[in-house]
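**Q** Have a look at this one before I ask anything.
The values are calculated or read from the model by the stated rules, or taken from the named source; none is laboratory data. The model shown is predicted, which means the values in this text are computed figures rather than measured ones. A quick note on method: Cβ atoms are made from the backbone with ideal geometry, for glycine too, and the neighbour counts reach across all protein chains shown.
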């Protein structure tokens, strides 16, 4: 074993199984509408054959370690969905960028978006 690998335990950054991670919040919480939409988008797109759970997981596992600290669960999922849709040819990066700009222009609340 080389010196650079002496501390490597075979885990990737996202593999936290068995590690101390703090308390798990047990209180129920309501999901934000955008989080529900991410979940629905994942179900619809996977049922249409655009990607598999393995494809989603591959993108999640390829994200840099900072993604786990800086992004929420559903932010990571929407990034994985978007990457898989680009890889499947459903949408291009350029089109995705244009649509993100359109959505950002709608405002921060659904009330603002409704007054477009």
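**Q** Right, residue 82: over 26 Å from residue 22 (Cα atoms), within 12 Å of the chain's Cα centre (by Cα) and at pLDDT 90 or above or not?
**A** Yes, satisfied.
**Q** Quick one: how many residues across the range 52-66 are loosely packed, with under 12 Cβ neighbours inside 10 Å and closer than 20 Å to residue 86 by Cα?
**A** Residues in the range 52-66 being loosely packed, with under 12 Cβ neighbours inside 10 Å and closer than 20 Å to residue 86 by Cα: 4 in total.
**Q** Sticking with this structure for a sec: Of the residues that make up the range 39-51, is at least one surrounded by 11 or more Cβ atoms within 10 Å (Cβ to Cβ), modelled with pLDDT of 85 or more and not in a helix (DSSP H, G or I)?
**A** Scanning the range 39-51, I find at least one residue that is surrounded by 11 or more Cβ atoms within 10 Å (Cβ to Cβ), modelled with pLDDT of 85 or more and not in a helix (DSSP H, G or I), so the answer is yes.
**Q** Moving on to the next point. Just name the residue that is surrounded by the most Cβ atoms within 10 Å (Cβ to Cβ) out of those in the range 67-107 that are in contact (Cβ under 8 Å) with a residue 40 or more places away in the chain and either within 19 Å of residue 37 (Cα to Cα) or in contact with a strand residue (DSSP E or B) (Cβ under 7 Å, 6 or more places away or on another chain) (or both).
**A** 81
**Q** Moving on to the next point. Going by the conditions given, is residue 35 surrounded by 11 or more Cβ atoms within 10 Å (Cβ to Cβ) and either outside any helix (DSSP H, G or I) or at pLDDT 95 or above (or both)?
**A** Here the answer is no, as residue 35 does not meet what is asked.
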